[in-house]
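Just below is one structure, and these are the notes that go with it.
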Amino acid sequence: MINSLQPQTDGGRLLKILKNESRCTGCRTCQLICALSHYEENNPKKAAIGVRGQFPAPGGYKISLCTQCGKCIKACPTGAISNVDGVIKIDEDKCDYCLACVEACPFDAIFVHRDFRVPFICDLCGECVEICPTKALYWRQ
């Protein structure tokens, strides 16, 4: 990751990113800002958030976003994934790219890209929340 951004807080309390999929129009602005903010690239495939159309049924868009649930931590056989001050982090030196974390994630929110030697996950920087034109993404303590 080129730019490691800080998670958003409110009075010292870590904020979580939540979603309202009924508001999502599929514009993928969230993916673009994520990739631009972290990798300085206009490449939504390098975003730590996913947006997929669900057509023709049930219609609408599915947003894949890390809830920081920690199931990936339990699934990682090398101990490469940990919770650091409320944010899930992947240690590149410990990760063997087995992808057990990707399989274990119930939210499809751990991503891989051929340019990276480890999976990547949302760091709660909130750039997506700030730019979402329909407020499909929002903050909650």
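Which of (1) in contact with a Gly (Cβ under 9 Å, 6 or more places away or on another chain); (2) at pLDDT below 95; (3) β-branched (Val, Ile, Thr) does Ile81 not meet, given it meets every other one?
Against the list (1) in contact with a Gly (Cβ under 9 Å, 6 or more places away or on another chain); (2) at pLDDT below 95; (3) β-branched (Val, Ile, Thr), Ile81 comes up short only on (2).
Out of curiosity, is Cys105 crowded, with 17+ Cβ neighbours inside 10 Å and over 11 Å from the mean Cα position of the chain (by Cα)?
It is true that Cys105 is crowded, with 17+ Cβ neighbours inside 10 Å and over 11 Å from the mean Cα position of the chain (by Cα).
Going by the structure shown, is Arg52 closer than 13 Å to Leu18 by Cα and either at pLDDT below 95 or under 15 Å from the mean Cα position of the chain (by Cα) (or both)?
no
Based on this model, can you work out whether Thr25 counts as assigned to a loop (DSSP other than H, G, I, E, B), modelled with pLDDT of 95 or more and not hydrophobic (A, V, I, L, M, F, W, C)?
Yes; evaluated as a whole, the condition is true for this residue.
Let me spell it out: the conditions are (1) under 19 Å from Leu99 (Cβ atoms); (2) touching a Gly at 6+ places or on another chain (Cβ under 7 Å); (3) of a type in the set (D, E, K, R), and Glu21 meets all of them except one. Which number is the exception?
(1) is the only condition that Glu21 fails.
State all residues of the range 32-63 that are surrounded by fewer than 19 Cβ atoms within 10 Å (Cβ to Cβ) and part of a strand (DSSP E or B); if no residue qualifies, say none.
Matches in the range 32-63: Arg52, Gly53, Lys62.
Go through the range 93-102 and give me each residue that's within 17 Å of the chain's Cα centre (by Cα) and either at pLDDT below 95 or within 24 Å of Pro7 (Cβ to Cβ) (or both).
Once the filter is applied, which keeps residues that are within 17 Å of the chain's Cα centre (by Cα) and either at pLDDT below 95 or within 24 Å of Pro7 (Cβ to Cβ) (or both), the range 93-102 yields Cys101, Val102.
Of the conditions (1) not assigned by TED's automatic domain parsing to the domain that holds Lys19; (2) not in a loop (DSSP other than H, G, I, E, B), Glu92 clears all except one; give me its number.
All conditions pass for Glu92, except number (2).
Quick one: which of Ala80, Ala48, Ala136, Ala100 is touching a helix residue (DSSP H, G or I) at 6+ places or on another chain (Cβ under 6 Å) and not assigned by TED's automatic domain parsing to the domain that holds Cys27?
Ala100
Suppose we filter Asp115, Asp85, Asp96, Asp91 for residues that are more than 13 Å from Lys71 (Cα to Cα) and surrounded by 14 or more Cβ atoms within 10 Å (Cβ to Cβ); which single one remains?
Of Asp115, Asp85, Asp96, Asp91, the one residue that is more than 13 Å from Lys71 (Cα to Cα) and surrounded by 14 or more Cβ atoms within 10 Å (Cβ to Cβ) is Asp91.
The values are calculated or read from the model by the stated rules, or taken from the named source; none is laboratory data. Note that the coordinates shown come from a computational prediction; the quantities given were computed from them, not determined experimentally. In this analysis, Cβ positions are derived from the backbone assuming ideal geometry, glycine residues included, and neighbour counts consider all displayed protein chains.
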